[in-house]
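S.K.: What follows is a structure written as structure tokens; I'll ask about it next.
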Amino acid sequence: MAPVTIAIDGPAGAGKSTVAKRVAERLNLMYVDTGAMYRAVAYLCAQEGIDVSSERAVEAVLDAHRVSFEEGEDRTLQVMIDGVNVTSRLRAPEVSALVSTVAAHPRVRQLLTEWQRAFAERHSVVMDGRDIGTVVLPHATVKVFLTAAPEERARRRQEEYRRMGYEVSLDEMVKNVIERDRKDSERAVAPLRMAEDAVRIDSTDKSIESVVEEIVQLVENAHVR
Ligand code: CDP
Ligand code: CDP
């Protein structure tokens, strides 16, 4: 049987990773956080202190290190750099500040997109990101575009930062998510946009559980058809 593929796209802080992970658990599928893959490249650039606006410099850093993505025991993706598991370090603010610039480079996207497609050919998967339904898996079984009001997304992200020990004001966080959405939506290659055949879910006033339930229903209905 062909693998089941569930694509979840949307702007920063909409709840994609939280919801995608739970949907994967419910349906016993792998979860691939493609944002973590772009963050891995940004993390490496931050470590090396290079100018991330130069695609050539980013490529040189990638050539000089071993970056790999492996299946963790909990069926989520683990990011390894030179043999070290860096997954827990990828959501730091200094990585978030660089990631959209790194993700705009076509050759970086090509490399990661190829890995994502090859993975989805071998596994049934829930994949979240910005271009999964539009570019990476245009024939996904179910496509969801998950969104929420910018203030709510900023509030969620602020709480997440607080849990990691970073204090960022709400104003700054709103500016930060809006700026990242702008960069992600305006880039030339694989911009953030809703696929024509995606289902839009606005999570502003919804609990995580109700969004998960809605997506599980969509998958079950897709199988009945
Ligand atoms: O969790 P959050 O929404 O903050 O971001 P993420 O999913 O970790 O993605 C971080 C960044 O990676 C995004 O802002 C995009 O610039 C980039 N990205 C992308 O370009 N394409 C994807 N499929 C996933 C992420
Ligand atoms: O991956 P993305 O950037 O879209 O968002 P996330 O990292 O999954 O979610 C950001 C935060 O919002 C998490 O701490 C979630 O627990 C929270 N969240 C929420 O409060 N209500 C929802 N309906 C979805 C997520």
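The values are calculated or read from the model by the stated rules, or taken from the named source; none is laboratory data. These numbers come from a predicted model, not from an experiment. Cβ: placed from backbone, ideal geometry, glycine included. Neighbour counts: every protein chain shown.
S.K.: Report, by residue number, each residue of segment 132-175 that is in contact with a Lys or Arg (Cβ under 9 Å, 6 or more places away or on another chain) and more than 15 Å from ligand 1 (Cβ to nearest atom). Break it down into steps so the answer makes sense when it comes.
M.R.: If we filter segment 132-175 for residues that are in contact with a Lys or Arg (Cβ under 9 Å, 6 or more places away or on another chain), which is where we start, we get 132-137, 144-148, 154, 160-161, 164, 168, 170, 173-174.
Correct list: 170 only.
S.K.: Related question: Quick check on segment 186-199. Is at least one of its residues within 13 Å of ligand 1 (Cβ to nearest atom), assigned to a helix (DSSP H, G or I) and either touching a residue at least 60 places away in the same chain (Cβ under 8 Å) or more than 21 Å from residue 19 (Cβ to Cβ) (or both)? So that I can check it myself, show each step before the final result.
M.R.: Of all residues in segment 186-199, those within 13 Å of ligand 1 (Cβ to nearest atom) come to 186-193, 195.
Within this subset, residues satisfying the condition of being assigned to a helix (DSSP H, G or I) are 186.
In the following step, the residues that additionally are either touching a residue at least 60 places away in the same chain (Cβ under 8 Å) or more than 21 Å from residue 19 (Cβ to Cβ) (or both) were identified as 186.
Yes, segment 186-199 has at least one match.
S.K.: Another one. How many residues does segment 137-151 hold that are outside any strand (DSSP E or B) and within 15 Å of residue 197 (Cβ to Cβ)? I'd like the intermediate steps shown before the answer.
M.R.: First, pick out the residues of segment 137-151 that are outside any strand (DSSP E or B): 137-141, 148-151.
Subsequent filtering for residues that are within 15 Å of residue 197 (Cβ to Cβ) retains 137-141.
Of the residues in segment 137-151, 5 are outside any strand (DSSP E or B) and within 15 Å of residue 197 (Cβ to Cβ).
S.K.: Could you count how many residues in segment 209-225 are loosely packed, with under 13 Cβ neighbours inside 10 Å and either within 17 Å of residue 9 (Cα to Cα) or in contact with a Gly (Cβ under 8 Å, 6 or more places away or on another chain) (or both)?
M.R.: Number of matching residues: 0.
S.K.: Consider residue 171 against the criteria (1) under 30 Å from residue 2 (Cα atoms); (2) part of a helix (DSSP H, G or I): it satisfies all of them except one. Which criterion is unmet?
M.R.: The number of the failed condition is (1).
S.K.: List the pairs whose first member sits in segment 114-138 and is within 17 Å of residue 24 (Cα to Cα) and modelled with pLDDT of 95 or more, whose second member is assigned to a helix (DSSP H, G or I) and of a type in the set (Phe, Trp, Tyr), and whose Cβ atoms are under 7 Å apart, counting only residues at least 6 apart or on separate chains?
M.R.: 125/119
S.K.: Which of the following residues is in contact with a helix residue (DSSP H, G or I) (Cβ under 6 Å, 6 or more places away or on another chain), of a type in the set (Val, Ile, Thr) and without any contact (Cβ under 8 Å) to a residue 60 or more places away in the chain: 168, 174, 212, 216?
M.R.: Working: 168 fails: without any contact (Cβ under 8 Å) to a residue 60 or more places away in the chain; 212 fails: without any contact (Cβ under 8 Å) to a residue 60 or more places away in the chain; 216 fails: without any contact (Cβ under 8 Å) to a residue 60 or more places away in the chain.
Within the list 168, 174, 212, 216, the selection yields 174.
S.K.: Moving on. Checking the conditions here, which among 30, 80 is in contact (Cβ under 8 Å) with a residue 40 or more places away in the chain and over 23 Å from residue 184 (Cα atoms)?
M.R.: On the way: 80 fails: in contact (Cβ under 8 Å) with a residue 40 or more places away in the chain.
The unique qualifying residue is 30.
S.K.: Now for a different question. Can you work out which of the residues in segment 1-14 that are crowded, with 18+ Cβ neighbours inside 10 Å and away from ligand 1 (no atom under 11 Å from the Cβ) is nearest to residue 93 (Cα to Cα)? Walk me through it before giving the result.
M.R.: If we filter segment 1-14 for residues that are crowded, with 18+ Cβ neighbours inside 10 Å, which is where we start, we get 4-14.
Checking which are away from ligand 1 (no atom under 11 Å from the Cβ) leaves us with 4-6.
Values: 4: 34, 5: 30, 6: 28 Å.
Taking the candidates together, the pick is 6.
S.K.: Evaluate the following for residue 46: is it of a type in the set (Gly, Ala, Ser), within 16 Å of ligand 2 (Cβ to nearest atom) and either within 26 Å of residue 156 (Cα to Cα) or not in a strand (DSSP E or B) (or both)?
M.R.: no
S.K.: What number of residues in segment 15-30 are more than 7 Å from ligand 1 (Cβ to nearest atom) and either assigned to a helix (DSSP H, G or I) or buried (at least 24 other Cβ atoms within 10 Å of the Cβ) (or both)? So that I can check it myself, show each step before the final result.
M.R.: Restricting attention to segment 15-30, the residues satisfying the condition of being more than 7 Å from ligand 1 (Cβ to nearest atom) are 15, 18-30.
Now narrow it down to the ones that are either assigned to a helix (DSSP H, G or I) or buried (at least 24 other Cβ atoms within 10 Å of the Cβ) (or both): 15, 18-27.
Qualifying residue count for the region: 11.
S.K.: Okay, next question. Return the only residue of 126, 99 being in contact with a helix residue (DSSP H, G or I) (Cβ under 9 Å, 6 or more places away or on another chain), in a helix (DSSP H, G or I), surrounded by 23 or more Cβ atoms within 10 Å (Cβ to Cβ) and among the β-branched types (Val, Ile, Thr).
M.R.: Working: 126 fails: in a helix (DSSP H, G or I).
Just one listed residue meets the conditions, 99.
S.K.: Mind listing whichever residues of segment 109-123 are touching a helix residue (DSSP H, G or I) at 6+ places or on another chain (Cβ under 8 Å) and either of a type in the set (D, E, K, R) or near ligand 1 (Cβ under 9 Å from one of its atoms) (or both)? Step through it out loud before you land on a result.
M.R.: Kept after step one, since they are touching a helix residue (DSSP H, G or I) at 6+ places or on another chain (Cβ under 8 Å), are these residues of segment 109-123: 109, 111-113, 115-117, 120.
Within segment 109-123, 109, 112, 113, 116, 117 meet the criteria.
S.K.: Have a look at 116, 110 and point out the one that is polar (S, T, N, Q), in a helix (DSSP H, G or I) and more than 26 Å from residue 177 (Cβ to Cβ). Outline the logic, then answer.
M.R.: Working: 116 fails: more than 26 Å from residue 177 (Cβ to Cβ).
Exactly one residue qualifies, and that residue is 110.
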